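Engineer: Before anything else, here's the structure in question.
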Amino acid sequence: MSYVVLARKWRPMNFRDLIGQEHVARSLANAIEQDRVAHAFLFTGVRGVGKTTSARILAKALNCLQRGAGSAERGIEPCLECAACREIAEGVDVDVREIDGASYTGVDEIRKLQESLPYRPARDRYKIFIVDEVHMLSQNAWNALLKTLEEPPPHVKFILATTEVHKVPVTILSRVQRFDFKMIPSRLIAERLRGVLQAERIAADERAVTLVAREAAGSMRDALSLLDQVIAFNPEQLLGDDVARVLGVAGHASLLEIASAVLAGEPARALSSVAALAQQGSDLTVAARHLVALFRDLVVAKLCKEGDDLLDLSDEERRGVRALAERTDAQDLLRLQQGFAKGFDDISRAAEPRTALEMLLARLALRPALLPIDGLLARLGELEARLEGGKASPPGGGPGRAGGPGNPPRGASRPGPAPAPAGPSASAAPEQTASSLPAVSGPAVSGAAAPGAAAPVRAVPAAPAAVAAAPGAAAASAAAPVPERAAAPLAAAAAPAPPPDSPLDLTDWRRVLSQLEETRPDLVAFLKHAVPLGFTHELITLGYEPGNALEASLRSAECLRELRTAALKCLGREPNVLFQAVASGTETLADVDRRAREKRRKAAVDLAQQHPSVRDAAEILGARVKRVELGGEN
């Protein structure tokens, strides 16, 4: 006899042999056992998952001559010994017809089928029609089949099979029982292949079996066909390297080596691994698809410590994946998987898949390191501190002098951050002692501006709504003694109200912000966009425009606790915090700092343009100064 391929030789013969379709086998077995078998079935799923095989098993179970009607002597499994079972398995039973839908498409064939339906089966219990690739029927054939499929004679059963269920009309779907066949996991396919190899007395290592199972992509028939192919290469023993060479695919170890090189940031090693795969004749597009799955497995292994059932891998491969995942950050793995999945589309469409794969791996291997947001905020805070520190002018220097901060002498180092003054009498930069910020109208704060200060703080009418950030803020403010340099806004009886145009001394407020910036630079950014209406050792009054989202963020208990803690470290007392609404467009501390920086920049530009050397050069060359570039922190 001629050789029978493994896919036919080891085809399942009963419900117990169906691999990965237990839901279908159980439903059909229970229907037969309870005598609730429908008149029409539709089996749908990808190729090679057991649709036609299940149809044959169902036909044998219904027509088995040794299973009497209603008898449970042999259960619901076919005996595989009677004439009906043997003939159905061989495809020669006259009462069980297998029809190819691709060649049986016309309405005339459906009419011939309908004419044979009234006749009783020659021997079997049921006349069964198995129509494979039923989606190939024409529209007229579907229409002719509608009535027959809905109400066939009691001795007729229809079993339809298709890989493209979306092409089956809805009118047909409503007249049949639909069973969806799933793709078979690689683990179950590998178990079945080991059983077949053991029965065929062929040795094989774990890598070879796993590679064949993975290449089958969920199809048992494809797996047995591939196994036939690799057995022909070496019928004595199957080795993983031989299987990879015969099938032209990359082994799991090679893929893991590429992933390890990318994770370690070693593009040269990754490109060398790709070159080795190309020399072996591997399909690099298929290898890229497997790499997408491998990066997915790495993410799952990192996030699910006990999720072995989520990894469709052998035990050896699972250990390697978990070991690599443990050495990598989860966020980095997610970024790599997403980047490679997006780049795979370019590889699959590229005229040169190898080049596309190499460039994608190099780009991912040279990815910049992830930086935590807290670190970025801290760096931004340091940059702001440096910019603020460069605002102070040395004694005797001004923007119009050569030694001022706008234009330091050539070769001289630029001024660093000025230390915060220890008390009210310490000298400070203009924007550190007095800023053009509004004061509270009515019982406003008072304080003397330092020499050379900016424009004094102007009073703005506060909105009627004022919300205290801590209970008892007003009472605490009224009871506390009033410092000499700033009066509490609510303690009008303790000290006479200063005139509305008196400036607000913000030296201590800037000290508090500097202290808070060490731990919460994000909170300092919020506070600089507030309008400091009043500041004492007992009460801090901040103003926000109505509806400002930053105010809601600062009202949280955590933010207020951080602010009071910073104030306690600087002032020795823990003040309360009060929020008030201010008019739209009121200048904040950030606005003042920005205006001061712009003023210094303009002064430095003017100083450079009026420098004698620049003027002499322009006069000699007959030119004009078009643009002035400032270096450093100016």
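Engineer: Would you confirm whether any residue within the stretch 584-595 is farther than 30 Å from PRO532 by Cα and either touching a strand residue (DSSP E or B) at 6+ places or on another chain (Cβ under 6 Å) or of a type outside the set (Gly, Ala, Ser) (or both)?
Structural biologist: no
Engineer: Taking the stretch 297-323 as the region of interest, how many residues are of a type outside the set (D, E, K, R), touching a Lys or Arg at 6+ places or on another chain (Cβ under 7 Å) and either surrounded by fewer than 18 Cβ atoms within 10 Å (Cβ to Cβ) or over 17 Å from ALA213 (Cα atoms) (or both)?
Structural biologist: 1
Engineer: Moving to a separate point now. Which condition number does VAL131 fail, the rest of (1) under 43 Å from the mean Cα position of the chain (by Cα); (2) closer than 14 Å to SER103 by Cα; (3) buried (at least 21 other Cβ atoms within 10 Å of the Cβ) being met?
Structural biologist: (1)
Table: residues versus (1) surrounded by 21 or more Cβ atoms within 10 Å (Cβ to Cβ); (2) within 26 Å of ARG178 (Cβ to Cβ); (3) in contact with a Pro (Cβ under 6 Å, 6 or more places away or on another chain).
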residue: GLU22; (1), (2), (3): no, yes, no
residue: LEU28; (1), (2), (3): yes, yes, no
residue: GLY45; (1), (2), (3): yes, yes, no
residue: VAL49; (1), (2), (3): yes, yes, no
residue: THR52; (1), (2), (3): no, yes, no
residue: ALA61; (1), (2), (3): yes, yes, yes
residue: ALA84; (1), (2), (3): yes, no, no
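Engineer: Restricted to the stretch 261-272, and to residues that are open to solvent by 20 Å² or more (accessible area, probe 1.4 Å) and at negative phi, which residue is farthest from the chain's Cα centre (by Cα)?
Structural biologist: SER272
Engineer: Further, regarding this structure: Identify the residue in the stretch 153-167 that is outside any strand (DSSP E or B) and in contact with a Lys or Arg (Cβ under 9 Å, 6 or more places away or on another chain) and, among all such residues, is most open to solvent (accessible area, probe 1.4 Å). Break it down into steps so the answer makes sense when it comes.
Structural biologist: Keep residues of the stretch 153-167 that are outside any strand (DSSP E or B), which gives 153-155, 163-167.
If we keep only those that are in contact with a Lys or Arg (Cβ under 9 Å, 6 or more places away or on another chain) too, we end up with 153, 155, 163, 165.
On the way: PRO153: 35, HIS155: 13, THR163: 55, VAL165: 29 Å².
Taking the candidates together, the pick is THR163.
Engineer: Select the helices (runs of 4 or more DSSP H) contained entirely in the stretch 201-260, then report the ones holding at least 2 residues which are on the phi < 0 side of the Ramachandran plot and in contact with a Phe, Trp or Tyr (Cβ under 8 Å, 6 or more places away or on another chain).
Structural biologist: Qualifying helices (runs of 4 or more DSSP H): 240-247.
Engineer: If you don't mind, there's one more thing I want to ask. Scan the stretch 207-217 and tell me whether some residue there is farther than 25 Å from ARG56 by Cα, open to solvent by 40 Å² or more (accessible area, probe 1.4 Å), touching a residue at least 40 places away in the same chain (Cβ under 8 Å) and not hydrophobic (A, V, I, L, M, F, W, C).
Structural biologist: Yes, the stretch 207-217 contains at least one residue that is farther than 25 Å from ARG56 by Cα, open to solvent by 40 Å² or more (accessible area, probe 1.4 Å), touching a residue at least 40 places away in the same chain (Cβ under 8 Å) and not hydrophobic (A, V, I, L, M, F, W, C).
Engineer: Taking only pairs six or more apart or across chains, which ones have beta-carbon atoms under 8 Å, a first residue in the stretch 352-368 that is outside any helix (DSSP H, G or I), and a second residue that is modelled with pLDDT under 95 and crowded, with 20+ Cβ neighbours inside 10 Å?
Structural biologist: Short answer, once both residue conditions are applied: ARG367/LEU336.
Engineer: Determine whether the stretch 29-36 contains at least one residue that is touching a Lys or Arg at 6+ places or on another chain (Cβ under 9 Å) and either among the acidic types (Asp, Glu) or part of a loop (DSSP other than H, G, I, E, B) (or both).
Structural biologist: No.
Engineer: Still on this structure: For ALA567, all conditions in the list (1) part of a helix (DSSP H, G or I); (2) open to solvent by 30 Å² or more (accessible area, probe 1.4 Å) hold save one; what is the number of the exception?
Structural biologist: It is condition (2) that ALA567 fails.
Engineer: Is the stretch 177-193 home to any residue that is touching a residue at least 24 places away in the same chain (Cβ under 8 Å), open to solvent by less than 60 Å² (accessible area, probe 1.4 Å) and under 26 Å from ASP35 (Cα atoms)?
Structural biologist: The answer is yes; a qualifying residue exists.
Engineer: Then there's this: Return yes when VAL156 is at pLDDT 90 or above and more than 21 Å from ASP35 (Cβ to Cβ) and no when it is not.
Structural biologist: So VAL156 fails the test.
Engineer: Please find, within the stretch 334-351, the residue that is most open to solvent (accessible area, probe 1.4 Å) out of those that are within 17 Å of the chain's Cα centre (by Cα) and free of Cβ contacts under 8 Å to residues at least 40 places away in the same chain.
Structural biologist: By that ranking, first place goes to LYS342.
The values are calculated or read from the model by the stated rules, or taken from the named source; none is laboratory data. All values reported here derive from a predicted model rather than from experimental measurement. We place every Cβ from the backbone using ideal geometry, glycine too, and count neighbours over all the protein chains shown. Quick note on the areas: whole protein, heavy atoms, side chains included, nothing else; ligands and nucleic acids left out. Shrake-Rupley method; radii C 1.70, N 1.55, O 1.52, S 1.80 Å.
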